Every structure is written in C-alpha cells, then in structure tokens.
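Notes to accompany the following structure.
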Amino acid sequence: MQPVRFLILRFSSIGDIVLTTPVVRGLKQQVEHAEVHYFTKPEYREMLEANPYIDKVHLLRDNLNDQIRELQEEQFDYIIDLHKNLRTRRIISALKSVYFTFDKLNLRKWAYVNFKINKLPDRHIVDRYLEAVDVFDVKNDGGGLDYFIPDRDEVDTGRWPGPFNRGYLGFVIGAKHHTKKLTTDKMVSIIDRIGHPVVLLGGKEDYQAGESVRKGTRTEVYNTCGSFSINQSASLVRQARLIITHDTGLMHIAAAFGQRILSVWGNTVPEFGMYPYQPHPHSEIFEVRGLSCRPCSKLGYRQCPKKHFRCIRDISDQQVADKALALLSDASPLHG
C-alpha cells in the first residue's frame, strides 16, 4: 500500500510550532498509511526531531528554488499550510499538490485592534488548525499539545545546588515584544512576594534583564536565559513546580506538559485564540480588562503607544503572588 504523503508548512515561531502538533499527531494516527513531513526553519529543528509522528523534517535554506525542486521529488499528495503567507503560496504553486489551510482571521483581528469590535470566534487557534484537516476526517483526540525532549537534552536539576534541586518556580521573562512583558520592577516584586526559589527562563536576548531581576531580588534566583537550548529550556519548564509566563512560546510548551500556568497578558489578549491550550485546570490568566486602548496590536510594540503602559502596570503583583503561593502549598500532583 502506497503511503499518503503530507507536507506541513509552518516557519515560525516556537509557540506556533508547538500549536501545530495536534494536527501532526492527528494525521499520523488517524489517516491510514499517512507519511508526515514538516517544513520549517533550521532553528526549530530540535523541537521536531524527536516527534514520533513526523517522518521527515525539511529545513528552509537560502535558495528556495533549489529546495522546491527537492520537494517536488517527494511527490506529496497533500500540503497542509499552517503558515499562510507569500512564501507558502509560492511553495504550493510550485509543488502543484492539493492543499488545505486555515483562516487567520486577520480582518477580524484588525477590527478588534483598531475599533475594539470583537467578532472573533471563541475558538483556540489549535481548533482552527485542525479545521484544515477536516476533509481527512481527522478529529480532535483531546490529547492536547505535544513536546518531545530527547534524552540528551534532559537537564538534571538534581545536580544543582540547593535550594533549586528541591523544587523551583519557573519564570519565563522573555517575549518577542516589550509590550507583552512585565517590567523588571514588577518581576522583582512578584518574586519577592512569593519568596520561593526561581529559575528565570528566556533566550540570549533576555540575559541582561534576567541579571537585573536576579540582582534586584532578595530571593534565590538562577538566571538561565541564553544558557540552554530550546529543548533544555523545555526540560526546565517540565520540571518546575509551576510556571509564570508572558504570552510567549514557552507558555505553550508549558501547556504541552500540563503545567500549572500563571500567564500574564499585556497588549495582546487571549481572545486572539493563543491562550494556553488544555493546561492544568489550576492555571490562571492575569490581564487588565476594560482598558480602552487594549488590544493595541495583534503582536506588540517596543514601547507603549500611549506611554502609560497600564496593561502591564495595573496588573496586581500581589494577586499573581497569592495564586502562586496557593499552588506551591498544594500537595496535589503538578500535572494532569
């Protein structure tokens, strides 16, 4: 029996890659003889290489024309476009395979941002991704998101000096846009109100902010920003007692592990459909509702367009800390 060959297109970002995993799993498990290929950027390879539902990963190179010729040799039956931009249209046109995609709802998001008219459906983007494969009778299996960490990338926190090896709170301090992030003083305030060992998580670009937080707090803080790969950071997320995070990629990785997530939202809003997907039921979203200027963008800015930054500054440090303390004192299982 010949395989049914699928090519999934998704080129960014960490969070979006994770959010496509239910489609990958659904095709592999529910379509007979499915062979699933995934086309993405090289920096996301490590996130996908251990996924048992992916047969082959293709990595974007500088010369797309040469790569398209290589993809044509694969003779894909179907393309699932979960990125939907000019590049993916070019690939689809060249490969001439039957393709399916999803509605990005850009006009509705634009209306929400510019006129505060919310006509967005109450549907997570994962469910909208899954609509792209409805034609194959792929159903949402309720299994949530996937993230597979190779053994070599597991971090042995048991070797860390105390108090971190006795359990820590993970604090994701990064985000692509500044208007999504808590200010340094608010992060310090939340950490000191909790008073529990904290591991700061983020990329190289977050290291200096992490140092400012570490030096500004009275609490035991380990700044790992830029010191670990994506998979290693995912391992730290998985092992944390709970996660405090902005609207960013590690938030979705935390959801894949069923973590307890306290997510903080600045200029973006959960209504865009990118909130934690099927996280631990004790997770909570913190946001300032009722601001006439929010959302000011579907992505974010380097600084608040209104200069007051109330979407972040009006979030109660004490409420975030109180919720974290309640979860840390809870002896029930951390996941599930």
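Every number here is computed from the coordinates shown, using simple stated rules; none is lab data. The model shown is predicted, which means the values in this text are computed figures rather than measured ones. Using ideal geometry, Cβ is built from the backbone for each residue, glycine included, and neighbour counts are taken over all protein chains shown.
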- Message: Between Ser227 and Arg45, what is the label-point separation in nm under the 7 Å Cα-to-beta-carbon projection?
- Response: 2.7 nm
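Among Thr101, Thr268, what is the fewest-to-most ranking by other Cβ atoms within 10 Å?
Sorted ascending by nearby Cβ count, the order is Thr101, Thr268.
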- Message: Quick check: pseudo-label points 7 Å beyond the Cα along Cα→Cβ at Trp160 and Gln318, how many nm apart are they?
- Response: 3.0 nm
- Message: Testing the spin-label approximation: label points 7 Å from Cα along Cα→Cβ at Asp103 and Val4. State their distance in nm.
- Response: 2.5 nm
- Message: At a 10 Å Cβ-Cβ cut-off, how would you order Cys293, Cys304, fewest neighbours first?
- Response: Cys293, Cys304
- Per the Cα gyration tensor, the range 4-136 corresponds to an equivalent ellipsoid with semi-axes, largest first in Å, of 26, 17, 15
- Item | Positive dipole terminus of the range 1-160, leading residue within Ala50, Val113, Trp160 (C-beta point charges) | Val113
- Item | Where GluC sites (Glu not before Pro) in DSSP loops with at most 15 other Cβ within 10 Å are excluded, longest remaining stretch of the chain | 155-336
- About its Cα centre, how strong a charge dipole does the chain have in debye, to the nearest 20, once Lys and Arg get +1 and Asp and Glu get -1 at the Cβ? 1460 debye
- Note on the structure: Shape descriptor, the range 161-328: equivalent ellipsoid semi-axes (Cα gyration tensor, sqrt 5λ, whole Å, largest first) stand at 23, 17, 16
- Message: Compute the distance from the alpha-carbon center of the range 269-336 to that of the range 232-262, in whole Å.
- Response: 14 Å
- DSSP-loop trypsin sites (Lys or Arg not before Pro) across the range 185-230, with at most 15 other Cβ within 10 angstrom: Arg218
- Message: Using DSSP to call loops (not H, G, I, E or B), can you name the trypsin sites (Lys or Arg not before Pro) in the range 248-320 whose Cβ has at most 12 other Cβ atoms within 10 angstrom?
- Response: Arg289, Arg302, Lys307
- Item | Residue list for the range 1-38, given a label point 7 angstrom along the Cα-to-Cβ vector of Asn85 and an amide N cut-off under 13 Å | 10-14, 16-17
- Message: Please compute the Kirkwood hydrodynamic radius of the chain from all pairs of different C-alpha atoms, in Å with one decimal.
- Response: 21.0 Å
- Given backbone amide H placed at 1.01 Å from N, residues whose amide H is under 5 Å from that of Leu242, ignoring those fewer than 5 places away on the same chain, are Gly170
- Item | the range 205-336, dipole about Cα centre (Lys/Arg Cβ +1, Asp/Glu Cβ -1), debye to the nearest 20 | 340 debye
- Item | Ascending count of other beta-carbon atoms within 10 Å, so fewest first, for Arg108, Arg69, Arg159 | Arg159, Arg69, Arg108
- Net charge dipole size for the range 56-173 [Lys, Arg +1 and Asp, Glu -1 on Cβ; Debye, nearest 20]: 780 debye
- Task: For the pairs Lys104/Lys176; Lys41/Lys84; Lys119/Lys186; Lys28/Lys119; Lys104/Lys307; Lys84/Lys180, note any where the Cα-Cα span goes beyond 22 Å.
- Result: Lys119/Lys186; Lys28/Lys119; Lys104/Lys307; Lys84/Lys180
- Item | Gain on full stretching of the segment that runs from Ile285 to Ile117 - 0.36 nm per residue minus C-alpha separation | 58.3 nm
- Would you work out if the range 276-336 is rounded, prolate or oblate? Take a ≥ b ≥ c from the square roots of the eigenvalues of the alpha-carbon gyration tensor; rounded if a/c is under 1.5, else prolate when a/b is larger than b/c, oblate otherwise. prolate
- Message: Given the DSSP H assignment, sum -39500 (n - 2.57) over each helix run of at least 4 residues in the chain and divide by its residue total; what's the result at 222 nm in deg cm²/dmol, nearest 500?
- Response: -9500 deg cm²/dmol
- Task: Please report how far the C-alpha centroid of the range 79-126 lies from that of the range 190-217, rounded to the nearest whole angstrom.
- Result: 36 Å
